[in-house]
Amino acid sequence: MIGGRTSRSGRPIRRAPRRGAALAGLSILLAAGTADAGPKFEDRSSALPEHVYSGGWEHFVGGGVAVFDCNDDARPDIFAAGGEAPALLLRNKGDFAFDPVPRPDLLGVTGAYPLDADATGVPISS
C-alpha cells in the first residue's frame, strides 16, 4: 500500500515490484562466471604397454576393450581385443601400473565381454 492510499473500490494500491533490484542481482550472478564443472582428464596412456588392434576388412567393427576385476583384488583390470594381433590382458597393480598376464596368444579376438559364468561375483579368467 502506498501511503495508505486506496483505489475507488476501496482496495489498497500496491506498488509493482522493482525491476532494477532483480536486474542488479542477475547482473551480479552473470558477472561471477561459471564454475569449471567439466571432467578432468589426465592422459596416462604412456604407462601402458603398447597394443595394436589390426586386421583386414573383417575386423573393421571390432576393437573392444573391457575393464573388470579379473582376480578379485578390487582393482579394475583391462582386456583389449587385438583382431589379427594378439589380445592383451593387463592386471592392475595399483597406482595406474599394469602387468601383462602371460597367456597363449589369442588371435582373431574382435570384442571383449567379461562374464561371471559361475556367479561368484568375479569374471572367469585364467
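Multiplying the residue separation of Glu50 and Asp105 by 0.36 nm and subtracting their alpha-carbon distance yields 18.3 nm. Contact order for the range 41-126, expressed relative to its length and based on alpha carbon pairs under 8 Å spaced 6+ residues apart, stands at 27 percent.
Taking the square roots of five times each eigenvalue of the Cα gyration tensor of the range 43-126, the equivalent ellipsoid has semi-axes of 22, 17, 10 Å, listed largest first.
Each reported figure results from applying straightforward, stated rules to the coordinates on display, with no laboratory input. Just so you know, these numbers come straight off a predicted model, no measurement behind them.
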